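Single-structure report; data block below.
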Ligand SMILES: [Zn+2]
């Protein structure tokens, strides 16, 4: 789990993924960190989302594992 600054909601988050954005006409693509709630909708939005989907898969798995663990202890 990587706590860090989410560039989308502009605040700290418990777990962030590096999302690389390749925008046409703006030179080289840039990277920014997004937390899971912010990253999830991006998966559906971007046409060039292969890298982003891969980046989001890691925290998505950790969130699912954490939720499963929590359910066991409930
Ligand atoms: Zn966020």
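The values are calculated or read from the model by the stated rules, or taken from the named source; none is laboratory data. Everything numeric here is computed off the predicted structure, so don't read it as measured data. A quick note on method: Cβ atoms are made from the backbone with ideal geometry, for glycine too, and the neighbour counts reach across all protein chains shown.
Residues checked against (1) in a loop (DSSP other than H, G, I, E, B); (2) more than 10 Å from the ligand (Cβ to nearest atom); (3) at pLDDT below 85; (4) surrounded by fewer than 16 Cβ atoms within 10 Å (Cβ to Cβ):
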| site | (1), (2), (3), (4) |
| --- | --- |
| 8 | yes, no, no, no |
| 19 | no, yes, yes, no |
| 28 | yes, yes, yes, yes |
| 37 | no, no, no, yes |
| 47 | yes, yes, yes, yes |
| 55 | no, yes, yes, no |
| 66 | no, yes, no, yes |
| 69 | no, yes, no, yes |
List the residue pairs whose Cβ atoms are under 8 Å apart, where the first residue sits in the range 36-56 and is farther than 22 Å from residue 10 by Cβ, the second is in a loop (DSSP other than H, G, I, E, B) and at pLDDT below 80, and the two are 6 or more positions apart or on different chains.
48/22
